[in-house]
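The values are calculated or read from the model by the stated rules, or taken from the named source; none is laboratory data. Source: prediction; values computed, not measured. Cβ: placed from backbone, ideal geometry, glycine included. Neighbour counts: every protein chain shown. Ligands, DNA and RNA are excluded from the accessible area calculation, which covers all protein heavy atoms including side chains. Shrake-Rupley method; radii C 1.70, N 1.55, O 1.52, S 1.80 Å.
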Amino acid sequence: MWSILLTLAVTGILGEVVNVHVNNNTQSELGFEVDYDNNQFLLDGQPFRYVSGSFHYFRCPRQYWRNRLRKIRAAGLNAVSTYVEWSLHQPTVDTWDWSGDADLVQFLKIAQEEGLFVLLRPGPYICAERDFGGFPYWLLTRVPDINLRTTDKRYMLYVETYLTEVFKKVSPYLRGNGGPIIMVQVENEYGSYSCDVEYMTQLRDIMKKHVGTKALLYTTDGSIENMIRCGSVPGVYATVDFGTNTNVTKNFEIMRKYQPRGPLVNSEFYPGWLTHWQEPFQRVKAVAVAETLNEMLSLGASVNMYMFYGGTNFGYTAGANGGENTYSPQLTSYDYDAPLTEAGDPTPKYFDIRNVVSKYLQLPNMTVPTVSPKGNYGPVVLSPILKLLEETGRQLFGTAVVQTSDPLTFEALGLPHWLVLYETNVEPKQQYPSDPAILHAMVRDRGLVYVDDYLIGTLSRINNIYDLVVEQPYEQKLGILVENQGRLNYGFGLHDFKGLSNVSLNNIPFGLWRMTGFRLDSVKPLFYVESNVSASGTLYDGPVILRGGFTISDQPMDTYLNTAGWGKGVAFVNGRNLGRYWPLVGPQITLYVPAAFLRTGDNELVLIELEYVPNSKRMRLQNEPILNLEQYSVMDCQQNEEHVFECREQNLRKNLEVSIDERMEMDIILENLQWSSRYGLKGRYYYLIPCTSSYETWTKLSNIYEKDTKQQNMIQ
């Protein structure tokens with residue numbers, strides 16, 4: 001083992017592994033293969049090793065693809081890795097999309113023009129922290145009992161159709177045809193899921209039929225023996241993945257047990273990590289990244305960094321992790337603490353990586369990237385214009401009402417995402433033996449509960465809240481607005497049907513259910529809406545749509561929408577869905593707004609707010625992101641015996657959410673555009689404020705606390 005590592009180390013130090021660019025050789029000389037005798041790759045017949053970075057084209061507006069790819073190349077990398085997302089390209093069973101931000105061919109062309117080879121990962125399952133792991137939701141609609149990631153003929157029929165369409169597009173760009181694609185991954189970390197050799201063999205054969213010898217097929221699995229044993233398949237090059245703070249040699253020794261010869265490869269080296277709602281923003285230290293990368297490269301290994309540029313989960317595309325009793329949806333931001341930020345700016349980590357790479361590969365003669373200027377466009381005042389659950393809202397955005405004895409899933413209703421309103425009429429009290437009533441309902445994933453159109457509480461899969469005390473619900477209308485917060489993307493729970501099930505009142509099942517879906521893919525129907533409605537504070541009568549405008553006088557720049565003080569919802573700018581916001585639990589407070597979504601002159605911001613509208617009805621477009629709620633302090637404020645309002649700083653808790661009927665939140669506009677949010681629980685009030693607040697700010701807040709106390713006493 002050590003002799004192999006030593007040989008590779010000498011190769012790396014002497015610089016015999018070189019970066020070979022696309023040339024004018026005849027196609028018969030073009031290709032990418034493994035030289036097993038010398039434990040190296042061969043590109044067009046010459047020794048080669050790659051240092052690559054992951055960048056998913058579907059997480060970035062196409063206007064920025066060249067910019068991001070050029071920055072990857074400027075860091076010294078010679079390849080880029082990307083998944084292909086099935087759900088993006090086949091949104092319905094009979095619809096294909098390869099245009100706009102889904103133009104994979106254009107992405108491949110730009111990568112080649114920028115001097116980057118491509119590691120293509122077409123799945124069919126990709127994980128990637130995307131909804132349903134990249135699978136199209138309609139698989140669960142057409143075949144509810146489908147066995148995903150198996151030889152189930154119904155599943156494999158759709159898989160082969162999908163892969164055939166992918167290779168129709170990408171085959172001209174395989175290395176053997178003169179293109180940039182040097183490697184194609186079979187499945188994705190399959191050893192973490194199952195151990196079905198026949199399934200992997202069928203996938204290998206489908207891909208081999210299209211790829212032939214014009215690119216190299218490979219697998220990627222965690223550096224655990226069982227994982228790589230179950231995820232590898234004969235005739236496909238087996239690689240591993242691992243991060244920092246680990247024994248590099250031991251990880252590669254595990255790879256060697258199943259791939260005895262050929263170059264060492266880490267297909268997912270993690271310079272950052274993913275983050276869920278209700279947890280601190282995850283970071284990986286740059287020093288650890290540089291040290292581990294240097295160690296791998298000194299052994300002659302090829303490395304792909306996951307992620308080098310993370311981007312954004314625009315719209316409803318973010319997935320979730322979890323299992324039988326856990327559920328953790330991912331953020332809208334996929335910044336990932338990557339070397340390039342969500343806005344594509346280089347970080348100190350970027351330059352540390354570049355310095356390491358420069359010892360092994362010649363750096364390109366090109367300009368080193370700098371941080372781009374951002375727009376600080378100021379406050380946007382929003383006006384409530386429509387209540388979603390009232391008649392006009394249902395007409396404009398709701399699906400046709402479906403009525404059944406049992407509630408149907410989103411998938412059965414043909415809803416890929418966001419909201420379904422489940423309504424029923426509760427029978428007279430004598431049908432239920434006790435009072436108050438206990439409502440039980442399994443929600444996937446979050447339910448706002450209304451009695452006669454008045455909000456009484458929240459059910460939550462994240463917090464395992466499936467029961468709610470309901471006062472006098474009898475002979476009244478019960479409504480539960482269920483939000484799909486993202487299908488599971490990893491593990492054994494991929495059959496993550498969304499909606500409502502097992503509903504009972506005092507353990508007695510009930511209901512003839514009426515269901516209305518709200519996809520809210522587009523806000524175009526608002527064009528003709530001129531009405532104004534009243535909405536402030538907790539939205540007891542349901543979600544509200546707000547609209548506001550702002551003007552940009554010069555060339556638009558990237559900016560960030562600060563959602564602090566609001567409840568939970570999604571935001572659209574000029575019709576483009578920025579994604580979900582949820583500042584109350586964090587850690588993400590701002591939404592990234594690419595300049596590509598903006599225009600010189602008038603712009604429009606639309607919110608679909610589910611839970612809370614601050615008195616100010618303002619959001620702010622600012623020039624800095626806030627991705628970590630821990631940048632803020634939580635002040636625990638309580639009246640003492642003399643009725644003096646005392647406050648003390650306390651550590652941020654993981655679960656900040658309290659039930660909506662107990663919460664009382666107020667937005668406070670401070671000088672220097674600092675902010676504070678308040679929410680209360682049983683007479684205790686928590687204020688979320690910037691850690692960097694000045695002494696003067698604290699003094700101002702003391703006066704606000706007194707006013708809040710008086711207001712609360714009046715309410716009580």
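Quick notes
- Condition check for L174: open to solvent by less than 20 Å² (accessible area, probe 1.4 Å) and touching a residue at least 60 places away in the same chain (Cβ under 8 Å): no
- Taken residue by residue, the stretch 290-297 has no member that is part of a strand (DSSP E or B) and farther than 20 Å from N562 by Cα.
- Matching residues in the stretch 575-594 - criterion: being open to solvent by 10 Å² or more (accessible area, probe 1.4 Å), more than 23 Å from G447 (Cα to Cα) and part of a strand (DSSP E or B): R576
- Selection status of N245, out of contact with any strand residue (DSSP E or B) (no Cβ under 9 Å at 6 or more places or on another chain) and modelled with pLDDT under 95: yes
- Residue among V449, V443, V420, V426 that alone is more than 24 Å from W582 (Cβ to Cβ) and buried (at least 21 other Cβ atoms within 10 Å of the Cβ): V426
- First in the stretch 334-354 and on the phi > 0 side of the Ramachandran plot and touching a residue at least 12 places away in the same chain (Cβ under 8 Å), second anywhere and in a loop (DSSP other than H, G, I, E, B) and open to solvent by 20 Å² or more (accessible area, probe 1.4 Å), Cβ under 6 Å, 6 or more apart: D337/R283; D337/V284
- Given (1) touching a Ser or Thr at 6+ places or on another chain (Cβ under 8 Å); (2) buried (at least 21 other Cβ atoms within 10 Å of the Cβ); (3) of a type outside the set (A, V, I, L, M), number of the condition K285 does not satisfy: (2)
- Looking across the stretch 353-393 at every residue that is open to solvent by 60 Å² or more (accessible area, probe 1.4 Å) and in a helix (DSSP H, G or I), the one that is farthest from R519 (Cα to Cα) is identified as N355.
- Of all residues assigned to the stretch 352-366, at least one qualifies as being in the same structural domain as R62 (by the TED database) and closer than 15 Å to G272 by Cβ.
- Qualifying positions in the stretch 396-408 - open to solvent by 40 Å² or more (accessible area, probe 1.4 Å) and part of a strand (DSSP E or B): V402, Q403
- Criterion violated by L140 - all others in (1) out of contact with any Pro (no Cβ under 9 Å at 6 or more places or on another chain); (2) open to solvent by less than 10 Å² (accessible area, probe 1.4 Å); (3) part of a loop (DSSP other than H, G, I, E, B); (4) not hydroxyl-bearing (S, T, Y) satisfied: (3)
- If you filter the stretch 335-352 down to residues that are crowded, with 18+ Cβ neighbours inside 10 Å and of a type in the set (A, V, I, L, M, F, W, C), you find that the one that is farthest from S52 (Cα to Cα) is A343.
- When Y528 is tested against the conditions (1) aromatic (F, W, Y); (2) more than 30 Å from I438 (Cα to Cα); (3) open to solvent by 20 Å² or more (accessible area, probe 1.4 Å); (4) at pLDDT 95 or above, the lone failure is (4).
- When G272, G300, G262 are checked against the criterion of being within 21 Å of the chain's Cα centre (by Cα) and either outside the structural domain of C127 (by the TED database) or in a loop (DSSP other than H, G, I, E, B) (or both), G272 stands alone in meeting it.
- Qualifying residue in the stretch 291-302 (condition: closer than 24 Å to K374 by Cα, touching a residue at least 24 places away in the same chain (Cβ under 8 Å) and either open to solvent by 10 Å² or more (accessible area, probe 1.4 Å) or of a type in the set (F, W, Y) (or both)): no
- Looking only at the stretch 492-505, and only at residues there that are of a type in the set (A, V, I, L, M, F, W, C) and part of a strand (DSSP E or B), the one that is surrounded by the most Cβ atoms within 10 Å (Cβ to Cβ): L500
- Filter pass, F132 being outside any loop (DSSP other than H, G, I, E, B), open to solvent by less than 10 Å² (accessible area, probe 1.4 Å) and either farther than 14 Å from F55 by Cβ or not assigned by the TED database to the domain that holds G322 (or both): yes
- A single member of F597, F572 is aromatic (F, W, Y) and open to solvent by 10 Å² or more (accessible area, probe 1.4 Å), and it is F597.
- Against the test of being open to solvent by 50 Å² or more (accessible area, probe 1.4 Å), β-branched (V, I, T) and either under 30 Å from L297 (Cα atoms) or out of contact with any helix residue (DSSP H, G or I) (no Cβ under 9 Å at 6 or more places or on another chain) (or both), the options I438, I456 yield a single qualifying residue, I438.
- Residue in the stretch 315-328 that is in the same structural domain as N251 (by the TED database), open to solvent by 30 Å² or more (accessible area, probe 1.4 Å) and within 30 Å of D554 (Cβ to Cβ) present: no
- Matching entry among G486, G542, G479, G491 (being of a type outside the set (F, W, Y), touching an Asp or Glu at 6+ places or on another chain (Cβ under 9 Å), assigned by the TED database to the domain that holds E411 and over 30 Å from G344 (Cβ atoms)): G479
- Of the numbered criteria (1) at pLDDT 95 or above; (2) open to solvent by less than 60 Å² (accessible area, probe 1.4 Å); (3) not small (G, A, S); (4) not in a helix (DSSP H, G or I), the one N19 fails is (1).
- Filtered residues of the stretch 303-326 (kept if in contact with a Lys or Arg (Cβ under 6 Å, 6 or more places away or on another chain), over 30 Å from Q362 (Cβ atoms) and part of a strand (DSSP E or B)): T312
- Number of residues in the stretch 238-296 that are small (G, A, S) and more than 27 Å from L217 (Cβ to Cβ): the value is 4.
- Looking only at the stretch 229-245, residues that are open to solvent by 60 Å² or more (accessible area, probe 1.4 Å), more than 24 Å from K209 (Cβ to Cβ) and not in a helix (DSSP H, G or I) come to 1 in all.
- Counting only strands (runs of 3 or more DSSP E) that sit completely within the stretch 409-491, those holding 3 or more residues that are not aliphatic (A, V, I, L, M) correspond to 419-425, 446-451, 454-460, 477-483.
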